[in-house]
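I am attaching a structure below and will ask some questions about it afterwards.
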Amino acid sequence: MAYIIKTALELGLLYAPIPLALFLSFRILNIADMTTDGCFVLGAAVSVTWAAAGHPFLGIPMAMAAGVLAGFVTAMLQTRFGVPSILAGIITNFGLYTVNLMVMGWSSNVNLLKTDTMFTIFAKGASFAGAYSDMLLVAIITAISAAALIWFLSTRLGLSIRATGDNSDMVRASSVNPRFTTTVGLCVSNSLTALSGAMVGQYQNTVDINSGTGIVVIALACLIIGETILGKKNVVKGAFAAILGSIVYRVIYAIVLKTRIVPIQGLKLVTALVVAFAIAFPTIKEYIHFARKKHMAAKASVKEEN
């Protein structure tokens, strides 16, 4: 059981940058960015390719740079060509399938057999961590990315991005171009997604062309779980909620696999239902409140008649 929890914690930290990315795009910019699935594979493909070439650590920034380019394409489609945000992400995601195949040498999967990764190299240098060296490395990278995002959102540009999500007209009236802030936000968001893919690719020693399927829904579930626990009152809490939600989701996933409460085949359906319910919860709550008031008014009316 200890091994399962350890693996769940590692996976939670590995995938945590994606909920962080959605926190920026979905919560702050109020954009449903569907580039996530393809961008995750892009990050993994670039990272694994660089690791296979003997530069595993260099593969991380290169993967993030590729993610920035993916985010830039989505932003350009949305801000310059008038494509709706959801369609812009879907179009980019669709095109990334071929791009990812190209990066992977036109192969559907690439393996790192007998090749050093950043995890094996770090394990040699951090022998004091023993079996927890992978978790330590991932925790450091995730913590740095979260801290960098919190710092970035507190800068003048970051505040402009936050304001763009709240009211783009107000930002435009303040002589700030919302097209620019949206573009920067989506580039940063997709760089975080690619970072997660880069770490996962080297952690698993492989990348598959279909490994990103459904990642956006799972990441959204993680973000909602974290916000349910910590709330979403400010940027710091939002960032920590994204990381905590990712860890909690993976722990729940591991427990479900171990106990078989829900068949593994039905886990994605459960995740989808959780996300749908969590997003619809404010509307459901408002409807229940309205129905309760209506019932009380009807009850009061009957008493007056009597």
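Longest span of the chain, sites excluded, free of trypsin sites (Lys or Arg not before Pro) in DSSP loop with at most 12 other C-beta atoms within 10 Å? Present the calculation step by step, with values, prior to reporting the outcome.
Working: sites that count: Arg80, Lys114, Lys233, Arg260.
Counting only loop sites that pass the neighbour cut-off, the longest clear stretch is 115-232.
Accessible area per residue, 1.4 Å probe, Å², for segment 187-253: what's the number? Each step should come with its number before you reach the end.
Details: 2280 Å² over 67 residues.
Heavy-atom SASA per residue in segment 187-253 reads 34 Å².
Heavy-atom accessible area of Val46 with all protein chains present, probe 1.4 Å, nearest 10 Å²?
20
Could you name the lysines whose alpha carbon sits less than 19 Å from that of Lys6, not counting residues in the same chain fewer than 8 places away?
Partners found: Lys258.
Would you mind telling me the share, in percent, of accessible area of segment 99-159 contributed by carbon and sulfur at probe 1.4 angstrom?
Numbers: 2390 of 3520 Å².
Carbon and sulfur: 68 percent of the exposed surface of segment 99-159.
Rounded to the nearest whole Å², what accessible area per residue is found for segment 1-96 with the 1.4 Å probe? Spell out each step's value before the answer.
Numbers: 3710 Å² over 96 residues.
Accessible area per residue, segment 1-96: 39 Å².
Expected output is a single nm value to one decimal: the length gained when fully extending between Ala297 and Ile4, i.e. 0.36 nm times separation in residues minus the C-alpha distance. What is it?
Numbers: separation 293, 0.36 × 293 = 105.48 nm, distance 5.36 nm.
The Ala297-Ile4 span can extend by a further 100.1 nm.
Would you give the gap between the C-alpha center of segment 115-154 and the C-alpha center of segment 235-304, rounded to a whole Å?
If you average the Cα positions of each part, the centres end up 33 Å apart.
Taking springs between alpha-carbon atoms closer than 10 angstrom, which of Thr49, Thr142, Thr155 fluctuates most in the Gaussian network model of the chain?
So, out of Thr49, Thr142, Thr155, the one fluctuating most is Thr155.
Same structure again: What distance in nm separates the two pseudo spin-label positions at Thr115 and Ala173, each 7 Å out from Cα along the beta-carbon direction?
5.4
Over all distinct Cα pairs, what is the inverse of the mean 1/r for the chain, reported as the Kirkwood hydrodynamic radius in Å?
Values: mean 1/r = 0.0488 Å⁻¹.
When all Cα pairs of the chain are included, the Kirkwood radius is 20.5 Å.
Let me ask something else. In whole percent, what relative contact order does the chain give with Cα contacts below 8 Å and a gap of six or more residues?
Working: 467 pairs, mean separation 98.4, N = 306.
For the chain, the relative contact order is 32 percent.
With a probe of 1.4 Å, find how much accessible area segment 104-168 has per residue, and write the answer as a whole number in Å². Could the numbers behind the result be given before it?
Working: 3670 Å² over 65 residues.
With all protein chains present, segment 104-168 gives 57 Å² per residue.
Based only on Cα atoms, what Rg/Rh ratio does segment 86-241 have, Rh being taken as Kirkwood's radius? Mind showing how you got there, number by number?
On the way: Rg = 18.7 Å, Rh = 18.3 Å.
That ratio is 1.02, to two decimals.
The values are calculated or read from the model by the stated rules, or taken from the named source; none is laboratory data. This one's a predicted model, so the numbers in the text were calculated from it and none came from an experiment. Cβ: placed from backbone, ideal geometry, glycine included. Neighbour counts: every protein chain shown. Calculation scope for accessible area: heavy atoms of the full protein, side chains included, ligands and nucleic acids excluded. Shrake-Rupley method; radii C 1.70, N 1.55, O 1.52, S 1.80 Å.
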